[in-house]
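Colleague: The structure's right below; bear with me while I get my questions together.
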Amino acid sequence: MTNIPHIQITKPAVTCSTCAACCCQLEVMLITDTGVPQRFIDTDEWGGEVMLRLDDGWCAALDRDTMMCTIYALRPLICREFEMGAPECLEEREGIATVYR
């Protein structure tokens, strides 16, 4: 019987340059006023304010060329609390990765 050496696969660190902006496909409720421009605000089916998402499913404030937020300084509280590299972020990244496999 042959022993196969254990290979540990490390995932690349999540940085601004490796961010896939997966969270920008999630529904974002506007629960505080951070100054989000009105053109990026939509109303959900219950009458609550949410970030507008375009037909492609991505947040309207996301620059599709750079995959960076165009209103970063004014982004909603939920976006501010969704920390890059946190377990929730990694879970979303894993979820979107499986879509393209």
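Colleague: Show the residues, 5+ positions off or on another chain, whose built amide H is closer than 5 Å to the amide H of Arg53.
Modeller: Ala60
Colleague: Under 5 Å between amide H atoms, partner at least 5 residues away or on a different chain: which partners does Gly85 have, H built in plane at 1.01 Å?
Modeller: For Gly85, whose amide H was placed from the backbone, the distant partners under 5 Å are Leu90.
Colleague: Can you tell me the FRET efficiency between Tyr72 and Asp44 if r is taken as the Cβ-Cβ distance and R0 is 30 Å, rounded to the nearest 0.05? Show your work: numbers first, answer last.
Modeller: On the way: r = 23 Å, r/R0 = 0.77.
According to the calculation, E is roughly 0.85.
All of the numbers you see were taken from the coordinates with simple rules; none came from a lab. In this text, all values refer to a predicted model and were calculated from it rather than measured experimentally. In this analysis, Cβ positions are derived from the backbone assuming ideal geometry, glycine residues included, and neighbour counts consider all displayed protein chains.
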